[in-house]
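What follows draws every value from the coordinates through simple rules; no lab data is involved. Quick caveat: nothing in here was measured; it's all calculated off a predicted structure. Here the Cβ is made from the backbone with ideal geometry for all residues, glycine too, and neighbour counts use every protein chain on show.
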Amino acid sequence: MKNSQIFHKGPAVPLDRDNIDTDQIIPKQFLKSIKKSGFGSNLFDTWRYKDEGFPGQDLTKRELNEDFVLNIDRFKGADILISKKNFGCGSSREHAVWSLIDYGFKVVIAESFADIFKNNCFNNGLLPISLEANEVSQLMSLAENGKEIEVDLENQIIFAEDTEIASFEIDPFQKKCILQGLDEIGLSLTHAEEIKAFEDNHRTKSPWIFNQVLIDDC
Amino acid sequence: MSKTLYDKLWEKHEVCQREDGTSLLYIDRHLIHEVTSPQAFEGLKLAGRKPWRISANIATPDHNVPTTERAEGINGIKDEVAKLQVLTLDANCEENKIPQFDILDKRQGIVHVVGPEQGLTLPGMTIVCGDSHTSTHGALATLSMGIGTSEVEHVLATQCLKTTKLKNMRVTIDGELKEGVTPKDVTLAVIGKIGTAGGTGYAIEYAGSVIENMSIEGRMTVCNMSIEAGARVGLVAYDETTELYVKNKPYAPKDNLWLKATKQWRQLTSHKDAVFDQEVKIDGSSIAPQVTWGTSPEMVCDIDGLIPEASDESTQYALKYMNLKPGTKITDITLDQIFIGSCTNSRIEDLREAANILKGKKIADSIKRAIVVPGSGLVSQQAEEEGLDKIFIESGFEWRSPGCSMCLAMNPDQLGDGEHCASTSNRNFEGRQGYGGRTHLVSPSTAAAAAIEGCFVDVRSYK
């Protein structure tokens, strides 16, 4: 039986496709924002709506694509997203992660993730979990049947209906950051002395790297 | 112990490894553009932090800039939201004293074109940018990778990237390329072979006679698309070609510093007996001009190939989106627009390659629009000095000002719903080049020939 260390429990939605790229997660026209919030209503914009989206639009006037999984009644309010291979590939846009969070997702489960997307998730407290294909398809069926999914991050186990479905691997540092909400920059700056010492030595060995970049008018 | 080039670059920049296994990697150069930096500067400010080393940074606006009406500078941006983003970059650079090639500077351009062109990208460096195509710079034997905005803030504040070491993959392309086959075809063939996630978790070193005989600009095209195979890092060993390219670039070291630098740079190769976690071999002479038919760069085939059977769900989705049927010849795909540009293919050699095909010819009447967008103001100037602009214009192309343009279509350069485009860019994702747009990734010469014929043709036999 599971213990009480539940990081998150919630309804899940299956997005049954490989190679979902960050252009699909948040199309480029929404990247003009200089903020980190407000992207949720345009998450998967092209698939979610029948018309072309643009920033500042009156959403009430847009027609939803009823076939898209996020628009299906039983999946509304889902906060765990389940997908397949290479989720988050393509552009490094962190806006993709901000969109998923702004929509309400807390966890993304997939067969695999693109490297940059995965880092972006951790840097924003969105938990990416990689599982085997058979485990993902089992979770997708459970989600289809309206079962909630529980994520025990401490013990790295996923449950549904009090039964263990899968265990998962996670980088210990990333786990700590998600659980404790660490200020990563602050943490890195505790190494400021080491960085300075490295930099001094590096400057001595390769001084050209440290040339001033002066932009004269042209 | 024998090391790969990636191992060497990593070791030279690893500040410390922490107990949890992550390392702080010192960053020599940080490239900044308007789209992925505003939130990082805001975060820095809110935390009361300052950039660690100002002169490590260089900025230029590229994603949002229009490719017309550039003499108007910032006022040429008609989209107010986009304009605010470029103005925010100006303000952040001003406030933090970060050097910038601004929208009116003739050195402005796509950040991955500008860095090498200015000698701001130098062999042996670690380079990051909030853009996945930062892998481009690996062509100059650098350790370069794309990062997210939180990491941009982290690099600004600490001059380090918190990361873990990647595994090593070597892609060896031996033999000789057939005439008409270009670096773009090489990189698409690599992606076709290893798949769009084949390089996830790896740094890919490209090697073999095809790479050795390739120019630096060609190597940049190949390294650029490493991320389309899932690899954050692509690199090529330092050689004489690299040295000749870097020499006399504006910000490259001079005199004694040059001698000292080149002595170090000549060590930037993998040891002969270095062991790679994965080896991929491709016969260069077997590579044909490549065309993508789907919505992922791995959905690619030879110019004389056919659209494949829809054997899996991904292919079914892709063919439905692209409105293509299995068994159709690639050369039967008709095109609406042509785009020559992007950080993959907007350098002078790319423009020469396309102009060589276009010279004395007109684009087909069925082509609604064909645009060529040089990678930087200096590429544009060079092309104009060589008369390439005239060749493009006389053939029916529009000669535009530098920027990312229709590669990601954040600016007004976009495909219409349902239009097919022969594009020298790097991503054929759904809607990437415009809502409902259908992208076929190709080389500059294949794009140019397609412009003339209105459909794809084999440039190997094209006269």
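Brief remarks on what is shown
- Difference of contour (0.36 nm per residue) and Cα-Cα distance, B:Lys325 to B:Lys281: 12.7 nm
- Peptide A:19-26 - average C-beta neighbours from other chains (10 Å radius): 5
- Considering chain A, its Cα convex hull presents a mean projected area of 16.7 nm².
- Region B:1-143 - convex hull of alpha carbons, volume per residue in Å³: 127
- Spread over its residues, the convex hull of the C-alpha atoms of chain B is 145 Å³ per residue.
- Shape descriptor for region B:88-164: Rg over Rh equals 0.96 (Cα atoms; Rh from the Kirkwood inverse mean 1/r).
- Entries of A:Lys50/B:Lys368; B:Lys165/B:Lys281; A:Lys36/A:Lys196; A:Lys205/B:Lys272; B:Lys12/B:Lys106 with Cα pairs more than 28 Å apart: A:Lys36/A:Lys196; B:Lys12/B:Lys106
- Per-residue 3J(HN,Hα) values for region B:87-103, derived from phi via the Karplus relation 6.51 cos²θ - 1.76 cosθ + 1.60 with θ = phi - 60°, read 5, 5, 4, 4, 5, 5, 5, 4, 5, 9, 6, 7, x, 9, 8, 7, 4 Hz in sequence order (x marks Gly and Pro).
- Per residue, the average separation of C-alpha pairs within less than 8 Å and at least 6 apart gives region B:29-182 a relative contact order of 28 percent.
- Computed Rg/Rh of region B:289-461, alpha carbon atoms with Kirkwood Rh: 0.96
- Förster radius 35 Å - calculated FRET efficiency between B:Glu212 and A:Arg203, Cβ distance, rounded to 0.05: 0.60
- Per-selection Kirkwood Rh - the protein assembly as shown (Cα, Å, 1 d.p.): 25.3
- Around the amide H of B:Gly234, modelled in the peptide plane, lie the amide H atoms of B:Gly138, B:Ser144, B:Ile204, all under 5 Å away and 5 or more residues distant in sequence or on another chain.
- The H on the amide N of B:Gly418, modeled in the peptide plane, is under 5 Å from the matching H of B:Gly437, B:Arg438, each at least 5 residues off or on a different chain.
- C-alpha center-to-center spacing [region A:101-127, region B:155-197] in angstrom: 24
- The phi torsions of region B:318-331, fed into the Karplus equation with coefficients 6.51, -1.76 and 1.60 and a -60° offset, translate into couplings of 5, 5, 5, 4, 7, 6, 10, 10, x, x, 5, 6, 4, 6 Hz, rounded to whole numbers, with Gly and Pro shown as x.
- Calculated log₁₀ intensity ratio I(q)/I(0) where the Debye formula runs over C-alpha points of region B:167-285, q = 0.10, 0.21, 0.22, 0.24 Å⁻¹: -0.32, -1.17, -1.24, -1.37
- For A:Asn155 and B:Glu243, the FRET efficiency from 1/(1 + (r/R0)^6), where r spans their Cβ atoms and R0 equals 35 Å, is about 0.05.
- Averaged over peptide A:202-210, the number of partner chain Cβ atoms lying within 10 Å of each residue's Cβ comes to 6.
- Under-5 Å amide H pairs with A:Ile149, H placed in peptide plane, nonlocal only: A:Gly10, A:Ala12
- Label point 7 Å beyond Cα of B:Glu386 along Cβ direction - residues of region B:165-203 with amide nitrogen under 18 Å: B:180-185
- Backbone phi angles across region B:280-286, fed through the Karplus curve with coefficients 6.51, -1.76 and 1.60 (θ = phi - 60°), yield HN-Hα couplings of 10, 10, 10, 7, x, 6, 8 Hz in residue order; Gly and Pro are listed as x.
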